[in-house]
Amino acid sequence: MTHRVTTAVFPVAGMGTRFLPATKSIPKEILTLVDRPLIQYAIDEARAAGITEFIFVTSRGKSALEDYFDCAPELESVLKQKNKTELLELLEATNMESGAIAYVRQHQALGLGHAVWCARHLIGDKPFAVILPDDVITGEEPCLKQMVEAYAEIGGNMVAAMEVPADKASAYGILDVPSSVSRCLPVRGMVEKPAPGSAPSNLAIIGRYILTPQILRNLDGQQRGAGGEIQLTDAIALEIANSGNVFGYRFQGERFDCGSKAGYLQATVAFALSRPDLRDELEAYLHQILATRQAAQ
Ligand code: G1P
């Protein structure tokens, strides 16, 4: 039996307070890594995994996101007139098919589980992916594609997983899994933001999920969890007891936490260094400032 996934939910309702004042008037998902907004990376990853229906869970002040995925006819005609073919192609690659993106608002910031639940009527009764655009993942094969391929074989519920340092575990959802080197692991338990020292492992949930519609029904209860929020992790954890069908997927690739300033800056440098048009100049600059700093010490 194959389990196809064609719908993805993008929770983009967060206020982005860690990036104030920049996020006072622009959504954090519009912040750029080099020259592409964070949300573009998430959309491209979803497309590469075969997603054709995109659901954005937004909130007040996020209309720049809707505009970003709309056509820009004035800009296109100016570029055409000036024969700027390359720029035109860049712009066209961001266009979405009409009707491919749906927007739904989360009226209150009640947590990630609640945000996903807000999309329930648009998702319907089929498995769906969730992508957290803050988690930017690079690699030979896009993370969600790896997961969709594994999911086609096993179904159930799947979360992306990665080892994190023990002292960082309380910032994540953490999995309780049997010790094994395999990529796909049956999950015995999961806990959102465990208290320091109480995490069952150092295998953290990273922002890619493939979930069954049962998770949306589990969220109907609106149960509050860590931080007083309605947690997606808790709704998935219920399925461990109910069906046993929850898997952690250790993806191949590097993950950047673009929800934090340090992670965002690291991603900016890494992405710029991977660009042939920027690499040499940036590399020379980095060498130079590091040498100057070392000499001063
Ligand atoms: C969310 C999830 C958490 C996961 C993390 C990954 O937390 O609730 O389980 O480990 O994303 O980035 P947040 O970072 O929104 O606090």
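The values are calculated or read from the model by the stated rules, or taken from the named source; none is laboratory data. This structure is a prediction, so every number in the text was calculated from the model and none was measured. Here the Cβ positions follow ideal geometry from the backbone for every residue, glycine too, while neighbour counts run over all protein chains shown.
Points worth noting:
- Scan of the stretch 256-296 for residues that are within 16 Å of the ligand (Cβ to nearest atom), surrounded by 14 or more Cβ atoms within 10 Å (Cβ to Cβ) and part of a helix (DSSP H, G or I), ordered by number: 263, 264, 266, 267
- Sole exception among (1) surrounded by fewer than 13 Cβ atoms within 10 Å (Cβ to Cβ); (2) among the small types (Gly, Ala, Ser); (3) under 22 Å from residue 248 (Cα atoms) for residue 155, by number: (1)
- Subset of the stretch 164-187 (residues that are in a helix (DSSP H, G or I) and within 14 Å of the ligand (Cβ to nearest atom)): 168, 169, 170, 171
- Filter result for residue 263 (without any contact (Cβ under 8 Å) to a residue 40 or more places away in the chain and touching a strand residue (DSSP E or B) at 6+ places or on another chain (Cβ under 6 Å)): yes
- Here 244, 227, 221 are screened, and the one residue that is under 13 Å from residue 113 (Cα atoms) and assigned to a loop (DSSP other than H, G, I, E, B) is 221.
- Every condition in (1) free of Cβ contacts under 8 Å to residues at least 60 places away in the same chain; (2) on the phi > 0 side of the Ramachandran plot holds for residue 34 except the one numbered (1).
- The residue that is nearest to residue 155 (Cα to Cα), counting only those in the stretch 187-220 that are touching a residue at least 40 places away in the same chain (Cβ under 8 Å) and surrounded by fewer than 17 Cβ atoms within 10 Å (Cβ to Cβ), is 213.
- Pairs with Cβ under 6 Å, 6+ apart, first in the stretch 96-111 and under 19 Å from residue 220 (Cβ atoms) and within 16 Å of the ligand (Cβ to nearest atom), second part of a loop (DSSP other than H, G, I, E, B) and not small (Gly, Ala, Ser): 106/118; 110/230; 111/229; 111/230; 111/231
- Residue that is nearest to residue 212 (Cα to Cα) [pool: residues in the stretch 60-118 that are buried (at least 16 other Cβ atoms within 10 Å of the Cβ) and of a type in the set (Val, Ile, Thr)]: 116
- Selected residue [more than 10 Å from the ligand (Cβ to nearest atom), outside any helix (DSSP H, G or I), at pLDDT 95 or above and touching a helix residue (DSSP H, G or I) at 6+ places or on another chain (Cβ under 6 Å)] from 190, 158: 158
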